[in-house]
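Undergrad: Before anything else, here's the structure in question.
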Amino acid sequence: MIETLTQSQLRLTTDDSLFGFNSSDQFAPAKPCTGQKRAVAALRTALAMPGSGYHVIVVGREGTNRQACLDSVLNSVASSAATTMDQDRVLLPVRNRPGLYEEIQLQPGHARSLINVCQQVVMATINHDPEQHTQMLQELTDGFSDITLLTEYINWLDNFSLLLMAGENTEFEYRELQRMIPLFLHAGSQQGMPILWEPFTDAPSLLGVQSVEPDTGRSVINAGTLIQASNGFLIVEGRRLIEDPLHWNLFRDILKSGLIPLHAIPSTPSSQACGGQPLNGNIRLLCRVVLLCDPDTFDQLQALESDLDQLFPVIAEFESDIERNDENTNAVAGIISDLVRQYHCLPLNKQAMAAMIDVAAKFTGTQHRLTLSRSMISRMLREASLLANSAAKEIVTDKHIKAVIQQSRQRVMADRHEAMQAILNGETQVELSGKVIGQINGLTMVGSGLQSYLEPARITAAVRPGDGAVVDIEREVNLGGSIHSKGVLILTSLLASRYSRHTPLSLIASLVFEQSYAYVDGDSASAAEIMAILSAVAEIPLAQNLALTGSIDQRGQILCVGDINKKIEGFYHLCQLHGRVVDAGVVIPKTNLRDLMLDDDVINAVNDGLFSIHAVTTLDDVIELYTGMKAGQEDDRHEFPAGSFNALVQQSLQQFAEENKHDHKDD
């Protein structure tokens with residue numbers, strides 16, 4: 001059934017009485033995790049899990065406040081575990097295994113004491129000072145003998161240093177003694193769990209750097225953030241990490257094993273020149289990694305690692321939008337108020353707030369969702385504040401919001417000025433009046449995000465008797481994607497099942513987007529494509545004052561498509577530039593009605609009878625709109641009423657079949 005839409009169906013507007021304020025600066029601040037209940041629940045579960053190794057992926061688009069929300073959750077988890085003590089970490093050399101180290105953990109502050117006393121033992125040995133040597137060893141024994149590894153180390157240090165003090169020794173032996181001093185790795189803290197953000201993902205940033213003291217030959221490790229975040233959390237940017245496969249592979253192996261190999265810690269050029277020993281052994285990974293990803297990066301990670309869920313048992317997905325209801329409308333109003341304060345914008349009155357909520361809905365492409373994209377909202381607010389300030393106003397009104405919307409549209413129109421001029425000059429042929437056989441106006445989108453816009457598509461079809469093939473010319477020349485090709489296969493199946501049930505489909509049809517040189521994908525033009533073919537088969541012309549968008553299934557149902565508002569507005573503006581187009585309008589799937597959030601100029605044109613929007617459910621609805629004929633309903637014998645559009649299509653296809661049969665006989 002065809003439904004011609006009225007003004008009330010074209011946008012769901014926000015009632016400003018929902019807001020109990022006169023100025024947005026009276027509105028309560030939003031919480032950092034507004035709209036992210038599922039993500040927060042997943043984060044709290046994962047981060048509160050005892051032990052290490054329970055790493056998390058946070059997936060969310062930029063602008064969804066994921067970093068501030070993550071900070072809030074991490075600080076909450078860390079503060080609830082404030083009694084957890086972060087330990088000092090020290091590397092002890094292993095006896096008779098040059099370059100090999102074992103890790104021990106000490107109470108915060110004890111590592112420096114241990115290393116300081118060991119250095120004094122070494123100095124006493126070098127200076128042949130038995131009294132100082134004995135005193136320092138006693139201090140070691142008294143302070144650190146409760147750890148087995150340390151007891152063994154102290155005995156080894158004692159024996160080796162006494163041996164050196166007993167005779168004449170070389171510089172080499174003294175350097176070996178220097179290398180027996182433990183290596184400092186990490187200073188613990190009694191302040192609870194550390195929370196670190198790592199903006200860089202190379203080995204020096206994550207693991208640290210090994211250098212060598214020129215005078216002593218001792219190694220020194222400047223720990224990276226994987227070590228500095230011990231007993232806490234490290235947040236890593238996933239996109240940067242996977243840009244270098246070597247870095248990702250090392251990072252993945254560390255997460256899998258729970259161990260950081262000392263040999264992986266890069267050395268400075270000067271340490272190699274000083275003859276520093278390569279470090280061997282492993283240290284434990286004691287931090288919890290939170291990998292921050294946008295959806296594209298997450299998809300790449302899934303393609304790279306089949307066992308990604310083993311590395312990261314929990315995935316916390318941040319929503320880009322939320323359901324539009326009174327509670328969430330007020331929540332988004334809180335976000336808007338926060339952004340007004342953050343960017344020092346002029347406050348909004350309640351009418352401007354209602355207009356911004358409508359913008360937040362339109363950005364999602366539907367009436368019933370609200371965006372959480374702070375980047376988009378903040379851009380609109382700052383521009384509206386600038387306009388109000390330029391007009392010497394103290395508050396932003398809905399007029400300023402609408403003016404920003406108009407400016408944004410004009411910027412997009414400027415980007416496509418040359419394309420529009422080509423249409424107006426006739427260089428790019430688009431027909432907006434009369435009727436043409438085998439030709440229809442489709443609606444295709446170019447670009448993405450805020451900068452996407454409509455590019456009208458003149459779709460044509462040519463047919464002749466043949467062996468039942470629909471040639472997708474875009475696909476043949478590698479300008480068509482797989483989803484578009486799927487749509488062509490579906491409409492081919494519909495042609496055969498509906499019009500040629502008892503005989504082979506005996507036609508060859510070719511489809512093309514005329515004067516289109518960009519890549520075509522998606523199935524939103526499949527309804528227009530089958531209409532062009534049917535028109536060519538039946539030799540019945542189609543109205544050119546209408547544009548059609550919608551995909552089609554094998555039963556002839558018209559299915560919803562994306563970017564419906566931009567498509568409608570784009571065709572309306574094309575008609576405006578072209579001059580008045582009589583009975584101009586668009587045909588859309590009825591299932592897209594809940595997505596309509598159209599601009600004022602389109603709504604006003606519909607209200608004034610200058611533009612029409614028709615919602616359809618079936619292919620037959622489209623046929624009747626475009627031809628003015630009855631489509632004709634199929635009877636029990638799979639035949640259509642005489643004189644109907646569908647009957648003429650069926651008759652033409654039967655004639656094609658007869659011609660095809662004669663051609664085969666002649667062969």
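Undergrad: Just a yes or no: is a residue in the stretch 331-343 of a type in the set (Phe, Trp, Tyr), outside any helix (DSSP H, G or I) and farther than 24 Å from THR45 by Cβ?
TA: Taking the stretch 331-343 as the starting set, the residues that turn out to be of a type in the set (Phe, Trp, Tyr) are 343.
Applying the additional criterion that residues be outside any helix (DSSP H, G or I) yields 343.
With the extra rule that they be farther than 24 Å from THR45 by Cβ, the set shrinks to 343.
Yes.
Undergrad: Ok, one more. Looking only at the stretch 564-606, count every residue that is among the hydroxyl-bearing types (Ser, Thr, Tyr) and part of a loop (DSSP other than H, G, I, E, B) and tell me the total.
TA: 0
Undergrad: On to the next question. Anything in the stretch 206-251 that is of a type in the set (S, T, N, Q), crowded, with 17+ Cβ neighbours inside 10 Å and either in contact with a His (Cβ under 7 Å, 6 or more places away or on another chain) or under 24 Å from VAL58 (Cβ atoms) (or both)? List them, or say none. Talk me through it step by step, then tell me what you get.
TA: Taking the stretch 206-251 and keeping what is of a type in the set (S, T, N, Q), we get 210-211, 216, 219, 222, 225, 228, 230-231, 249.
Checking which are crowded, with 17+ Cβ neighbours inside 10 Å leaves us with 210-211, 216, 219, 225, 228, 230-231.
Passing the criteria: THR225, GLN228, SER230, ASN231.
Quick grid of which residues meet (1) open to solvent by less than 20 Å² (accessible area, probe 1.4 Å); (2) touching a residue at least 60 places away in the same chain (Cβ under 8 Å):
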position: ILE483; (1), (2): no, no
position: LYS486; (1), (2): no, no
position: THR492; (1), (2): no, no
position: SER497; (1), (2): no, no
position: ARG501; (1), (2): no, yes
position: LEU507; (1), (2): yes, yes
position: VAL512; (1), (2): no, no
position: GLN515; (1), (2): no, yes
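Undergrad: On to the next question. So which of VAL40, VAL58 is in contact with a helix residue (DSSP H, G or I) (Cβ under 8 Å, 6 or more places away or on another chain), in contact (Cβ under 8 Å) with a residue 12 or more places away in the chain and outside any helix (DSSP H, G or I)?
TA: VAL58
Undergrad: What number of residues within the stretch 348-405 are in a helix (DSSP H, G or I), farther than 30 Å from ALA39 by Cα and among the polar types (S, T, N, Q)? Full working, then the answer.
TA: To start, the set of residues in the stretch 348-405 that are in a helix (DSSP H, G or I) comprises 350-364, 374-390, 398-405.
Going one step further and asking which of them are farther than 30 Å from ALA39 by Cα, we end up with 350-352, 383-390, 398-405.
Okay, now just the ones that are also among the polar types (S, T, N, Q), so 351, 385, 389-390.
The total comes to 4.
Yes/no per residue for (1) of a type in the set (Val, Ile, Thr); (2) modelled with pLDDT of 95 or more; (3) over 26 Å from ALA361 (Cα atoms); (4) open to solvent by 40 Å² or more (accessible area, probe 1.4 Å):
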site	(1), (2), (3), (4)
GLY562	no, no, no, yes
GLU569	no, no, no, no
VAL581	yes, no, yes, no
ILE623	yes, yes, yes, no
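Undergrad: Sort out which residues of the stretch 299-334 are touching a helix residue (DSSP H, G or I) at 6+ places or on another chain (Cβ under 8 Å), under 26 Å from ALA361 (Cβ atoms) and open to solvent by less than 20 Å² (accessible area, probe 1.4 Å), and write them in order of number.
TA: Those that are touching a helix residue (DSSP H, G or I) at 6+ places or on another chain (Cβ under 8 Å), under 26 Å from ALA361 (Cβ atoms) and open to solvent by less than 20 Å² (accessible area, probe 1.4 Å): ALA316, PHE318, ILE322, THR329, VAL332, ALA333.
Undergrad: So which of ILE588, ILE603 is modelled with pLDDT of 95 or more, open to solvent by less than 10 Å² (accessible area, probe 1.4 Å) and closer than 25 Å to ILE405 by Cβ?
TA: The conditions single out ILE588.
Undergrad: Going by the structure shown, is ALA657 touching a Pro at 6+ places or on another chain (Cβ under 7 Å), surrounded by 14 or more Cβ atoms within 10 Å (Cβ to Cβ) and modelled with pLDDT under 90? Outline the logic, then answer.
TA: Details: touching a Pro at 6+ places or on another chain (Cβ under 7 Å): yes; surrounded by 14 or more Cβ atoms within 10 Å (Cβ to Cβ): yes; modelled with pLDDT under 90: yes.
Criteria met by ALA657.
Undergrad: Same structure, new question: Return the pairs, sorted by first residue and then second, in which the second residue is assigned to a helix (DSSP H, G or I) and polar (S, T, N, Q), the first residue lies in the stretch 353-367 and is over 17 Å from SER385 (Cβ atoms) and open to solvent by 10 Å² or more (accessible area, probe 1.4 Å), the beta carbons are less than 8 Å apart, and the residues are 6+ apart or on different chains.
TA: Partner pairs satisfying both residue conditions: LYS362/ASN565; GLY365/ASN565.
Undergrad: I want to confirm something. Restricting to the stretch 606-621 and keeping residues that are over 12 Å from GLN7 (Cα atoms) and β-branched (Val, Ile, Thr), which single residue is least open to solvent (accessible area, probe 1.4 Å)?
TA: First, pick out the residues of the stretch 606-621 that are over 12 Å from GLN7 (Cα atoms): 610, 614-621.
If we keep only those that are β-branched (Val, Ile, Thr) too, we end up with 616-618.
Working: VAL616: 0, THR617: 48, THR618: 36 Å².
Going through the qualifying residues, I end up with VAL616.
Undergrad: A follow-up question, please. Please specify each residue of the stretch 265-283 satisfying the condition of being exposed (fewer than 15 other Cβ atoms within 10 Å of the Cβ) and either at pLDDT 95 or above or more than 14 Å from VAL212 (Cα to Cα) (or both).
TA: Selection gives ASN280 alone.
Undergrad: Same structure again: All but one of (1) surrounded by 14 or more Cβ atoms within 10 Å (Cβ to Cβ); (2) modelled with pLDDT of 85 or more hold for SER52; which doesn't?
TA: Just one mismatch for SER52, condition (2).
Undergrad: How many residues are at pLDDT 85 or above, buried (at least 19 other Cβ atoms within 10 Å of the Cβ) and either part of a strand (DSSP E or B) or polar (S, T, N, Q) (or both) if we restrict to the stretch 410-456?
TA: Matching residues across the stretch 410-456 total 5.
Undergrad: Please note which strands (runs of 3 or more DSSP E) are completely contained in the stretch 93-199 and include at least 3 residues that are closer than 21 Å to SER230 by Cβ, in contact with a Lys or Arg (Cβ under 6 Å, 6 or more places away or on another chain) and free of Cβ contacts under 8 Å to residues at least 40 places away in the same chain.
TA: Qualifying strands (runs of 3 or more DSSP E): none found.
Undergrad: In addition: Which members of the stretch 397-440 meet the condition of being β-branched (Val, Ile, Thr) and either under 30 Å from ILE530 (Cβ atoms) or in contact (Cβ under 8 Å) with a residue 60 or more places away in the chain (or both)?
TA: Answer for the stretch 397-440, where residues must be β-branched (Val, Ile, Thr) and either under 30 Å from ILE530 (Cβ atoms) or in contact (Cβ under 8 Å) with a residue 60 or more places away in the chain (or both): ILE405, ILE423, THR428, VAL430, VAL436, ILE437, ILE440.
Undergrad: Identify the single condition in (1) surrounded by fewer than 19 Cβ atoms within 10 Å (Cβ to Cβ); (2) out of contact with any helix residue (DSSP H, G or I) (no Cβ under 6 Å at 6 or more places or on another chain); (3) part of a helix (DSSP H, G or I) that ILE254 does not satisfy, given that it satisfies every other one.
TA: (1)
Undergrad: Sticking with this one: Among the residues in the stretch 607-616, are any touching an Asp or Glu at 6+ places or on another chain (Cβ under 8 Å), touching a residue at least 24 places away in the same chain (Cβ under 8 Å), hydroxyl-bearing (Ser, Thr, Tyr) and outside any helix (DSSP H, G or I)?
TA: There is at least one residue in the stretch 607-616 that is touching an Asp or Glu at 6+ places or on another chain (Cβ under 8 Å), touching a residue at least 24 places away in the same chain (Cβ under 8 Å), hydroxyl-bearing (Ser, Thr, Tyr) and outside any helix (DSSP H, G or I).
Undergrad: Quickly run through the stretch 477-508 and pick out the residues that are part of a helix (DSSP H, G or I), of a type in the set (A, V, I, L, M, F, W, C) and touching a strand residue (DSSP E or B) at 6+ places or on another chain (Cβ under 7 Å).
TA: Answer for the stretch 477-508, where residues must be part of a helix (DSSP H, G or I), of a type in the set (A, V, I, L, M, F, W, C) and touching a strand residue (DSSP E or B) at 6+ places or on another chain (Cβ under 7 Å): VAL488, ILE490, LEU491, LEU494.
Undergrad: Determine whether LEU262 is among the hydrophobic types (A, V, I, L, M, F, W, C) and open to solvent by less than 70 Å² (accessible area, probe 1.4 Å).
TA: Considered against the rule, which asks whether it is among the hydrophobic types (A, V, I, L, M, F, W, C) and open to solvent by less than 70 Å² (accessible area, probe 1.4 Å), LEU262 comes out as yes.
Undergrad: Here is a further query. Please give the number of the condition GLY143 fails out of (1) open to solvent by less than 40 Å² (accessible area, probe 1.4 Å); (2) under 25 Å from ILE221 (Cβ atoms).
TA: Only one criterion is unmet by GLY143, namely (1).
Undergrad: I've got another one for you. It is to be established whether one or more residues within the stretch 277-286 are closer than 20 Å to PHE200 by Cα and not β-branched (Val, Ile, Thr). Lay out the reasoning, then the answer.
TA: Going through the stretch 277-286, the residues closer than 20 Å to PHE200 by Cα turn out to be 285-286.
Of the ones still in play, those that are also not β-branched (Val, Ile, Thr) are 285-286.
Checked the stretch 277-286: at least one residue is closer than 20 Å to PHE200 by Cα and not β-branched (Val, Ile, Thr).
The values are calculated or read from the model by the stated rules, or taken from the named source; none is laboratory data. Note that the structure is a prediction, hence the values are computed from the model and not measured. Because the Cβ atoms are built from the backbone with ideal geometry, glycine has one as well, and the counts that use them run over all protein chains shown. Accessible surface is based on the protein model in full, side chains and every heavy atom, while ligands, DNA and RNA are left aside. Shrake-Rupley method; radii C 1.70, N 1.55, O 1.52, S 1.80 Å.
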